Amino acid sequence: MGLIDLLTGNTGNQVAEQAETKFGISKTQVIALLAVAAPLIISYLRKKSQDANEAEALNNALDKDHDGSILNDVSQADARQSEGSSILNHIFGEEKPNVESRLSQNTGISIDKIGPILSMLAPVIMGYIGKEKQQNNVGAGGLGDLLGGILGNASNESRQQHSSPLNDILGSVLGGGNTQSSGNPLNDIIGSVLGGNEQKKQQGGGGLGDILGGFFGK
């Protein structure tokens, strides 16, 4: 299953419905948040996995707690919200408040709800990574390539889906009508993760690519 399948399939829709019911925000906002948060989390983990100790710790966590079963039982997302908060603390560290603030601004989800919703989404994203790890028989040393491949495949697929329901959602929630956007919000988001500063320069700055590019173009 590709990353875009996670975002647009039953798992993404079901967890969005859970969050909609629990927090009283629109399902489309949650889907948009998932579409931004998933590549962001994967990118941070990819960067961390360049350190051998971090890669081993991530490998152990995936083996122990994230076998992908949550993808078939998304009720776990709510039950594992506290665990999700701990996951985000480790991934983002001292940058977590800034990450939450930026995501709140871009999705329109209030700052008091963005953290708890991200905490629901984090175990789902980790479960997806864990399932991909199992299916590809990857150990600690191969996690960086696995995570990079997930993003690369999503980028290739997003370029082929210029017009799609997910892009419509992202455009409406994140402001895809911005003249500096490419008109393909998902591709802008994933491209900013993969391209960093160079991607931002190509897009002229200020568009959807800056949503994630700002986290990496320090």
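Is at least one residue of the range 29-36 in a helix (DSSP H, G or I) and surrounded by fewer than 19 Cβ atoms within 10 Å (Cβ to Cβ)? Scanning the range 29-36 turns up no residue that is in a helix (DSSP H, G or I) and surrounded by fewer than 19 Cβ atoms within 10 Å (Cβ to Cβ). Looking only at the range 2-16, residues that are of a type in the set (D, E, K, R) and under 14 Å from Asp73 (Cβ atoms) come to 0 in all.
Criterion applied to Ser43, Ser85 was being of a type in the set (Ser, Thr, Tyr), modelled with pLDDT of 95 or more, within 17 Å of the chain's Cα centre (by Cα) and in a helix (DSSP H, G or I), and the one residue passing it is Ser85.
Does Ala79 satisfy the criteria of being surrounded by fewer than 18 Cβ atoms within 10 Å (Cβ to Cβ), closer than 22 Å to Ala140 by Cβ, over 18 Å from the mean Cα position of the chain (by Cα) and among the aliphatic types (A, V, I, L, M)? Taking the combined requirement at face value, the residue does not satisfy it. Taking the criterion of being under 14 Å from the mean Cα position of the chain (by Cα) and charged (D, E, K, R), the residues of the range 97-113 that qualify are Glu100, Arg102.
Residues in the range 1-27 that are modelled with pLDDT of 90 or more, under 16 Å from Gly171 (Cα atoms) and part of a helix (DSSP H, G or I): Lys27 alone. In this entry, Asp63 is excluded by the filter for residues that are in contact with a helix residue (DSSP H, G or I) (Cβ under 9 Å, 6 or more places away or on another chain), modelled with pLDDT under 95, on the phi < 0 side of the Ramachandran plot and not in a loop (DSSP other than H, G, I, E, B). When the test is whether a residue is of a type outside the set (Phe, Trp, Tyr), in a helix (DSSP H, G or I) and without any contact (Cβ under 8 Å) to a residue 60 or more places away in the chain, Gln76 passes it.
Among the residues of the range 91-122, those identified as under 22 Å from Leu62 (Cβ atoms) and either in contact with a strand residue (DSSP E or B) (Cβ under 7 Å, 6 or more places away or on another chain) or crowded, with 16+ Cβ neighbours inside 10 Å (or both) are Ile91, Phe92, Lys96, Val99, Leu118, Ser119, Met120, Leu121, Ala122. The C-beta contact set for the range 122-148 (first residue farther than 22 Å from Ala77 by Cα and modelled with pLDDT of 95 or more, second residue of a type in the set (Gly, Ala, Ser) and not in a helix (DSSP H, G or I), distance under 7 angstrom, 6+ apart or interchain) comprises Leu143/Ser49; Gly144/Ser49.
The values are calculated or read from the model by the stated rules, or taken from the named source; none is laboratory data. Computed from a prediction, not measured in an experiment: that's the story for all the values here. We place every Cβ from the backbone using ideal geometry, glycine too, and count neighbours over all the protein chains shown.
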